[in-house]
Structures are given as C-alpha cells and as structure tokens.
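Enquirer: Following this message is one structure expressed as structure tokens.
The values are calculated or read from the model by the stated rules, or taken from the named source; none is laboratory data. As the structure is a computational prediction, the values presented were derived from the model and not from experiment. When we count neighbours, we look across all protein chains shown, and the Cβ atoms used for this are built from the backbone with ideal geometry, even at glycine. The area values use the complete protein model at the heavy-atom level, side chains included, leaving out ligands, DNA and RNA. Shrake-Rupley method; radii C 1.70, N 1.55, O 1.52, S 1.80 Å.
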Amino acid sequence: LRMLCDGLVVAAGTLRHEGYGADRLDEARRAWRREHGLAEYPTLVVVSGALDLDPAQAAFTDAPVRPLVLTRAAAEPPPGLTDVAELIRCGDDQVDPAAGLAELRRRGLGQLLCEGGPYLFGALTAADLVDELCLTVAPLLAAAGPGRITAGDGSPPRHLPLRHVLAADDGVLMLRYARDPGEAPPVVA
C-alpha cells in the first residue's frame, strides 16, 4: 500500500511507539513509482497536537522527502523540529483533520494511507473522511488486549462493502473494504 500512496499519515504516538524509520525504497521501487506518475517516495505526514516529537528520530533525520507535521495553532515545537520537518497548523485547540487533509491535497498528496493510531483513525472516521479500510486478519489466538481500531469520539456507522480478499499461504487474510463506487468521496474543503 505504501507503494501506491502520495502521503503516509501516522499519529505521533504510533510514530514513537513503533519506532518509525525513514521510508527508503530501492531503485526498482522508485522506478516503478516514477513509471506510474508518482513521486519517488511517499511523504511522511505526522499528526501531533502536542508536538511531543524527537527531531533526532530517523523518520525525520533520514527521510528522503521532508516530512510534514499536522498540528494545532498554539503547539510549540521542540528545538530542532522545524529543521527536519515542515509544520502545518490546522486547527486551534486540536488538529482539524478535514483542514489538514485539504492542505495535503492542495500540496498534491491526493492518495493518503493512514497507518494509525486509533485516535487518529477515530478522528478521521468521525469526520467521515475515510473512504477505504484495509484490514489484516492473522491466525493468532491471544488473550484480551487492545480494543477497537478506532478510539475517541463516536460516529454513526458507515457500511463499507468488501471489495477484495487475499489469502496468504500462512493463513493471513488481507481484506479491503471501500465506499460504494457511486457514492461521492469525502469532500475536504
């Protein structure tokens, strides 16, 4: 999925927790992207209301494309963050997902892949900005753990019909759900 996107969107907590590094692609993958009208690398977009980010993290320092950080108006960046990333202020008291996505699209990032976390995905869902869901089901049995894939304010349920199913040899299922083709895509003003 990262091969197909213009921007890779991730919440600051997920970036920290999962230890994101730079998204480097080999020459063959960069050539494939160029041949399909895409930039050589997707742009990393970090969403952070508090700007509790480490500018020395490899996701920033080794990034092949300058990362973007969506944040709120009054957030104060830590020293060095503006040296390694561009801040986009969208929202007063909290990050406004619709305004942030509108600015990303204005910058040419039309195909966005959101990798989480649950509060970011919940905010995008509550704002009715999600048009597709890719879900992986792995054959692992585990005791109680994390809850839903979204967190935060609730929203009315939206039916997303199943579009594709891929089954791997190891029993993993990859499911793709998307809005109906005739349904208007989310409008981001």
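Enquirer: Do the sum for the chain: with -39,500 (n - 2.57) for every DSSP H run of n ≥ 4, divided by all residues, what is the mean residue ellipticity at 222 nm, to the nearest 500 deg cm²/dmol?
Expert: Helix-only estimate at 222 nm: -5500 deg cm²/dmol.
Enquirer: Label Ala168 and Ile149 with points 7 Å out from Cα along Cα→Cβ: what is the distance between them in nm?
Expert: In this crude label model, Ala168 to Ile149 measures out at 1.5 nm.
Enquirer: What dipole magnitude, in Debye to the nearest 20, does the range 1-46 give about its Cα centre under +1 on Lys/Arg Cβ and -1 on Asp/Glu Cβ?
Expert: Using Cβ point charges on Lys, Arg, Asp and Glu, the range 1-46 gives about 40 debye.
Enquirer: Calculate the FRET efficiency for Glu132 and Asp62 from the Cβ-Cβ distance with a Förster distance of 22 Å, rounded to the nearest 0.05.
Expert: Numbers: r = 29 Å, r/R0 = 1.32.
That gives a FRET efficiency of 0.15.
Enquirer: Using amide H atoms built 1.01 Å from N in the peptide plane, name the residues 5+ places from Leu87, or on other chains, whose amide H lies under 5 Å from its own.
Expert: For Leu87, whose amide H was placed from the backbone, the distant partners under 5 Å are Val69.
Enquirer: Taking only protein heavy atoms and a 1.4 Å probe, what accessible area per residue, in Å², does the chain have with all protein chains in place?
Expert: Result: 59 Å² per residue.
Enquirer: Quick one: accessible surface of Cys114, probe radius 1.4 Å, all protein chains present, in square angstrom to the nearest 10.
Expert: Cys114 has an accessible surface of roughly 50 Å² with all protein chains in place.
Enquirer: Where the accessible area of the chain is counted over protein heavy atoms with a 1.4 Å probe, how much of it, in %, is carbon and sulfur?
Expert: On the way: 5970 of 11080 Å².
The nonpolar share, carbon plus sulfur, comes to 54 percent.
Enquirer: Can you compute 3J(HN,Hα) from phi for each residue in the range 57-67, using the Karplus curve 6.51 cos²θ - 1.76 cosθ + 1.60 with θ = phi - 60°, rounded to whole Hz and x for Gly and Pro?
Expert: 5, 4, 4, 9, 6, 10, 5, x, 10, 4, x
Enquirer: Sort all Cα-Cα distances of the range 29-166 into consecutive 10 angstrom bins from zero, then give the percent of pairs in each bin up to the one containing the longest distance.
Expert: Using 10 Å bins, I get a P(r) of 10, 33, 35, 19, 2 for the range 29-166.
Enquirer: At Arg30 and Ala178, where each label point lies 7 Å from the Cα along Cα→Cβ, what is the point-to-point distance in nanometres?
Expert: Modelled inter-label distance: 2.9 nm.
Enquirer: If one computes the Cα centroid of the range 89-103 and of the range 1-33, what distance in Å separates the two points?
Expert: 22 Å
Enquirer: Among Gly13, Ala50, His36, whose Cα projects farthest towards the positive end of the dipole of the range 2-55, with charges put on the beta-carbon of Lys, Arg (+1) and Asp, Glu (-1)?
Expert: Final value for the positive-end residue is His36.
Enquirer: Pull out the extension gain between Asp93 and Arg158, defined as 0.36 nm times the separation in residues minus the alpha carbon to alpha carbon distance; nm, one decimal. Working shown, then result.
Expert: On the way: separation 65, 0.36 × 65 = 23.40 nm, distance 2.72 nm.
So the extension gain works out to 20.7 nm.
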